[in-house]
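S.K.: Structure in C-alpha coordinates, see below.
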Amino acid sequence: MQALRSSLEGPWDRLAAEALGGPVAAWRNASRDHGDAWVGVATGVDGRRVVLKVHRTADKHRREAAAYRRWGTALLPEAPRLLAVREAAPAAIVLSHLPGRTDLPDGDPAAPAVHRAAGAWLARCT
(Lines give C-alpha, C1' and ligand atoms only; values in the text may rest on other atoms or scores of the structure.)
Protein backbone atom coordinates (compact mmCIF):
# COMPACT_ATOMS: atom_id res chain seq x y z
CA MET A 1 0.00 0.00 0.00
CA GLN A 2 2.89 2.36 0.67
CA ALA A 3 4.08 1.96 -2.94
CA LEU A 4 0.61 2.89 -4.19
CA ARG A 5 0.51 5.93 -1.92
CA SER A 6 3.98 7.02 -3.08
CA SER A 7 2.95 6.81 -6.73
CA LEU A 8 -0.05 9.06 -6.05
CA GLU A 9 1.86 11.86 -4.39
CA GLY A 10 2.67 14.82 -6.54
CA PRO A 11 0.63 15.38 -9.69
CA TRP A 12 -2.18 12.92 -8.90
CA ASP A 13 -2.74 14.20 -5.39
CA ARG A 14 -2.71 17.77 -6.70
CA LEU A 15 -5.11 17.01 -9.56
CA ALA A 16 -7.55 15.16 -7.29
CA ALA A 17 -7.29 17.83 -4.57
CA GLU A 18 -8.11 20.51 -7.14
CA ALA A 19 -11.28 18.63 -8.12
CA LEU A 20 -12.20 17.94 -4.48
CA GLY A 21 -11.56 21.50 -3.39
CA GLY A 22 -9.32 20.26 -0.58
CA PRO A 23 -6.66 17.70 0.34
CA VAL A 24 -6.88 13.99 -0.43
CA ALA A 25 -7.26 11.87 2.71
CA ALA A 26 -7.17 8.41 1.07
CA TRP A 27 -6.84 6.56 -2.24
CA ARG A 28 -8.38 3.28 -3.38
CA ASN A 29 -7.19 1.42 -6.46
CA ALA A 30 -10.21 0.72 -8.69
CA SER A 31 -8.30 -0.46 -11.77
CA ARG A 32 -9.52 -3.33 -13.93
CA ASP A 33 -7.35 -6.23 -15.03
CA HIS A 34 -7.52 -5.24 -18.73
CA GLY A 35 -4.82 -2.64 -18.12
CA ASP A 36 -6.09 0.16 -20.39
CA ALA A 37 -5.81 2.69 -17.57
CA TRP A 38 -5.01 3.02 -13.91
CA VAL A 39 -8.13 4.08 -12.00
CA GLY A 40 -8.10 5.41 -8.47
CA VAL A 41 -10.79 6.78 -6.18
CA ALA A 42 -9.62 9.72 -4.09
CA THR A 43 -11.50 10.59 -0.91
CA GLY A 44 -11.23 14.09 0.48
CA VAL A 45 -11.08 15.00 4.15
CA ASP A 46 -14.80 15.85 3.97
CA GLY A 47 -15.66 12.37 2.60
CA ARG A 48 -16.37 13.47 -0.96
CA ARG A 49 -14.86 11.28 -3.69
CA VAL A 50 -13.57 11.70 -7.23
CA VAL A 51 -12.28 9.19 -9.75
CA LEU A 52 -8.86 9.64 -11.35
CA LYS A 53 -8.16 7.77 -14.58
CA VAL A 54 -4.59 7.69 -15.88
CA HIS A 55 -4.57 6.54 -19.49
CA ARG A 56 -1.80 4.32 -20.84
CA THR A 57 -2.02 5.79 -24.35
CA ALA A 58 -2.53 9.34 -25.59
CA ASP A 59 -5.15 8.17 -28.10
CA LYS A 60 -7.39 6.57 -25.45
CA HIS A 61 -7.04 9.69 -23.28
CA ARG A 62 -7.89 11.99 -26.18
CA ARG A 63 -11.01 9.98 -27.13
CA GLU A 64 -12.36 9.68 -23.60
CA ALA A 65 -11.66 13.30 -22.64
CA ALA A 66 -13.30 14.45 -25.89
CA ALA A 67 -16.37 12.31 -25.21
CA TYR A 68 -16.84 13.81 -21.75
CA ARG A 69 -16.17 17.35 -22.98
CA ARG A 70 -18.49 17.20 -25.99
CA TRP A 71 -21.27 14.92 -24.94
CA GLY A 72 -20.96 13.81 -21.33
CA THR A 73 -24.29 14.25 -19.63
CA ALA A 74 -26.06 15.45 -22.82
CA LEU A 75 -26.24 11.85 -24.08
CA LEU A 76 -26.38 10.18 -20.71
CA PRO A 77 -27.60 12.49 -17.91
CA GLU A 78 -26.39 10.11 -15.22
CA ALA A 79 -22.83 9.98 -16.63
CA PRO A 80 -19.98 11.19 -14.43
CA ARG A 81 -18.95 14.81 -14.92
CA LEU A 82 -15.49 15.73 -16.14
CA LEU A 83 -13.89 17.78 -13.36
CA ALA A 84 -10.25 18.12 -14.43
CA VAL A 85 -7.89 17.07 -17.20
CA ARG A 86 -4.13 16.64 -17.30
CA GLU A 87 -2.89 16.65 -20.90
CA ALA A 88 0.81 16.14 -20.12
CA ALA A 89 2.00 12.54 -20.23
CA PRO A 90 0.84 10.46 -18.57
CA ALA A 91 -2.51 12.01 -19.41
CA ALA A 92 -5.36 11.76 -16.93
CA ILE A 93 -8.93 12.80 -16.27
CA VAL A 94 -10.79 13.36 -13.01
CA LEU A 95 -14.48 12.48 -12.90
CA SER A 96 -17.23 12.95 -10.37
CA HIS A 97 -17.79 9.82 -8.31
CA LEU A 98 -21.13 8.09 -8.68
CA PRO A 99 -22.57 5.75 -6.07
CA GLY A 100 -22.66 2.08 -6.88
CA ARG A 101 -20.27 -0.67 -7.85
CA THR A 102 -17.29 0.04 -10.07
CA ASP A 103 -16.60 -3.58 -10.91
CA LEU A 104 -18.44 -6.66 -12.00
CA PRO A 105 -17.07 -10.00 -10.86
CA ASP A 106 -15.85 -12.43 -13.50
CA GLY A 107 -18.79 -14.38 -14.83
CA ASP A 108 -21.42 -11.81 -13.77
CA PRO A 109 -24.27 -12.21 -16.28
CA ALA A 110 -24.76 -8.41 -16.43
CA ALA A 111 -21.15 -7.73 -17.50
CA PRO A 112 -21.62 -8.08 -21.29
CA ALA A 113 -24.60 -5.71 -21.33
CA VAL A 114 -22.85 -3.16 -19.12
CA HIS A 115 -19.74 -3.16 -21.30
CA ARG A 116 -21.82 -2.94 -24.51
CA ALA A 117 -23.73 0.06 -23.11
CA ALA A 118 -20.49 1.82 -22.11
CA GLY A 119 -18.95 1.14 -25.51
CA ALA A 120 -22.07 2.36 -27.31
CA TRP A 121 -22.01 5.59 -25.32
CA LEU A 122 -18.34 6.20 -26.19
CA ALA A 123 -19.01 5.36 -29.84
CA ARG A 124 -21.83 7.95 -30.00
CA CYS A 125 -19.52 10.53 -28.45
CA THR A 126 -16.52 10.19 -30.73
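S.K.: Please go through (1) open to solvent by less than 70 Å² (accessible area, probe 1.4 Å); (2) within 24 Å of Asn29 (Cβ to Cβ) for Ala120 and return the number of the only condition it doesn't satisfy.
M.R.: (2)
S.K.: Those residues that are touching a residue at least 40 places away in the same chain (Cβ under 8 Å) and either closer than 12 Å to Ser96 by Cα or open to solvent by less than 70 Å² (accessible area, probe 1.4 Å) (or both), I need them from the stretch 21-34; list them, please. Explain how you work it out, then say what you get.
M.R.: Within the stretch 21-34, the subset touching a residue at least 40 places away in the same chain (Cβ under 8 Å) is 30, 32.
Result: Ala30, single match.
S.K.: Which numbered condition in (1) charged (D, E, K, R); (2) at pLDDT below 90; (3) surrounded by 12 or more Cβ atoms within 10 Å (Cβ to Cβ) is the only one that Glu18 fails?
M.R.: All conditions are met except number (2).
S.K.: Working only within the stretch 61-87, note down all residues that are open to solvent by less than 70 Å² (accessible area, probe 1.4 Å) and either of a type outside the set (Gly, Ala, Ser) or at pLDDT below 85 (or both). Reasoning before the result, please.
M.R.: Pass one, the stretch 61-87, residues open to solvent by less than 70 Å² (accessible area, probe 1.4 Å): 61, 64-68, 72-73, 75-76, 79-80, 82, 84-86.
If the condition is that a residue be open to solvent by less than 70 Å² (accessible area, probe 1.4 Å) and either of a type outside the set (Gly, Ala, Ser) or at pLDDT below 85 (or both), then His61, Glu64, Tyr68, Gly72, Thr73, Leu75, Leu76, Ala79, Pro80, Leu82, Val85, Arg86 are the ones that fit.
S.K.: Can you tell me how many residues in the stretch 35-59 are within 14 Å of the chain's Cα centre (by Cα), within 13 Å of Ala89 (Cβ to Cβ) and open to solvent by 70 Å² or more (accessible area, probe 1.4 Å)?
M.R.: Step one: of the stretch 35-59, the residues within 14 Å of the chain's Cα centre (by Cα) are 35-43, 49-56.
Then keep just the ones that are within 13 Å of Ala89 (Cβ to Cβ); that gives 54-56.
Those left that are additionally open to solvent by 70 Å² or more (accessible area, probe 1.4 Å): 56.
Qualifying residue count for the region: 1.
S.K.: What strands (runs of 3 or more DSSP E), lying completely within the stretch 44-126, carry at least 2 residues that are in contact with a His (Cβ under 6 Å, 6 or more places away or on another chain)?
M.R.: Qualifying strands (runs of 3 or more DSSP E): 49-55.
The values are calculated or read from the model by the stated rules, or taken from the named source; none is laboratory data. Remember, predicted model here, so these are calculated numbers, not experimental data. With ideal geometry, Cβ positions are generated from the backbone for all residues, glycine too; neighbour counts draw on all protein chains shown. Quick note on the areas: whole protein, heavy atoms, side chains included, nothing else; ligands and nucleic acids left out. Shrake-Rupley method; radii C 1.70, N 1.55, O 1.52, S 1.80 Å.
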